[in-house]
Amino acid sequence: MWRNTESGWGLVSILLHWVLAIAIVGLFALGWWMTGLGYYDSWYNLAPWWHRSVGMLVLFATLLRLVWRLANPAPRALGHRLERLAAHLGHIGLYVLMLVVLVSGYLISTADGHGIGVFDLFEVPALVSDLPNQATLAGEIHWYSALALVLLAAGHALAALKHHLVDRNDVLKRMIDPRVSRR
C-alpha cells in the first residue's frame with residue numbers, strides 16, 4: 001500500500017501529491033498577498049519569513065517526491081492516446097515549473113549572500129549569490145513561473161475532474177485512496 005503499482009498510486013505518492021499541492025497553492029496565495037503589504041504592516045517581515053520557510057520545505061519535499069517517483073514508476077495511464085500524452089507532458093511541466101519556482105525563490109532570498117533560515121530551526125546556505133541582478137532576474141522568473149505553475153495545476157485538476165465526472169474512471173479516486181486499484 002506504500003508503493004505505487006501498475007494500477008494505482010501508493011500512500012507515499014498520494015501524501016506527497018496532496019501536501020505539495022496544498023502548500024504550493026498556499027505559497028502562491030501568500031506570495032501574491034504579501035507583495036501588497038506596506039512597510040508598516042505587521043506582516044511585512046513575517047509573511048516573507050513564512051513564505052521562505054515553507055518554500056524551502058516544499059523544495060525538499062519536491063526533491064523527495066522526484067526521487068520517490070523515479071524509484072516507483074507511475075501507474076498505467078488511462079484515457080485515449082492523446083490524453084495519455086497530454087498527461088505525461090503536463091506532469092513533466094508541473095515538475096519543471098515546481099523546480100523553477102522553488103530554485104528562483106531560493107536565488108531571490110540568497111542574492112545578498114545570506115542563507116535562508118527555515119522557521120529558525122536550521123539554515124539553508126547561500127550557495128549562489130552576488131550574480132548581476134540576481135534578485136531582480138530571479139524575481140521575474142519566480143513570479144511568471146509561479147503563475148504558469150498555478151495555471152497548469154488548475155488544468156491538471158480540471159483534467160482529473162473530467163476523468164471522474166465525464167469518463168467515470170478511477171484516475172481521481174486512485175490519487176485519493178491507495179486501496180482503489182488493489183480491490
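The values are calculated or read from the model by the stated rules, or taken from the named source; none is laboratory data. Note that the structure is a prediction, hence the values are computed from the model and not measured. For neighbour counting, all protein chains shown are included, and Cβ atoms are generated from backbone atoms with ideal geometry for every residue, glycine included. These area figures cover heavy atoms from the full protein model, side chains too; ligands, DNA and RNA do not enter into them. Shrake-Rupley method; radii C 1.70, N 1.55, O 1.52, S 1.80 Å.
Quick notes
- Candidate residues 106, 40: accessible-area rank, largest first, probe 1.4 Å: 40, 106
- The calculated FRET efficiency for residue 50 paired with residue 88, based on their beta-carbon distance and R0 = 30 Å, is about 0.30.
- With protein chains left intact and a 1.4 Å probe, residues in segment 1-72 average 61 Å² of accessible area per residue.
- The distance linking segment 45-76 with segment 101-120 is 15 Å (Cα centroid to Cα centroid, whole angstrom).
- Accessible-area composition of the chain, carbon plus sulfur, in percent [1.4 Å probe]: 69 percent
- In degrees, nearest ten, helix 46-71 long axis to first principal axis of the chain (Cα): 40 degrees
- Overall form of the chain per C-alpha gyration tensor (a/c, 1.5; a/b vs b/c): prolate
- Under the criterion of Cα pairs below 8 Å and six or more residues apart, the relative contact order for segment 57-183 equals 21 percent.
- Solvent-accessible area of residue 98 with every protein chain in place, 1.4 Å probe, in Å² to the nearest 10: 10 Å²
- Simple Cβ-charge dipole of the chain, Lys/Arg +1 and Asp/Glu -1, about Cα centre, in debye nearest 20: 1200 debye
- Dipole of the chain computed with +1 at Lys/Arg Cβ and -1 at Asp/Glu Cβ about the Cα centre; of 101, 49, 90, farthest Cα towards the positive end is 90.
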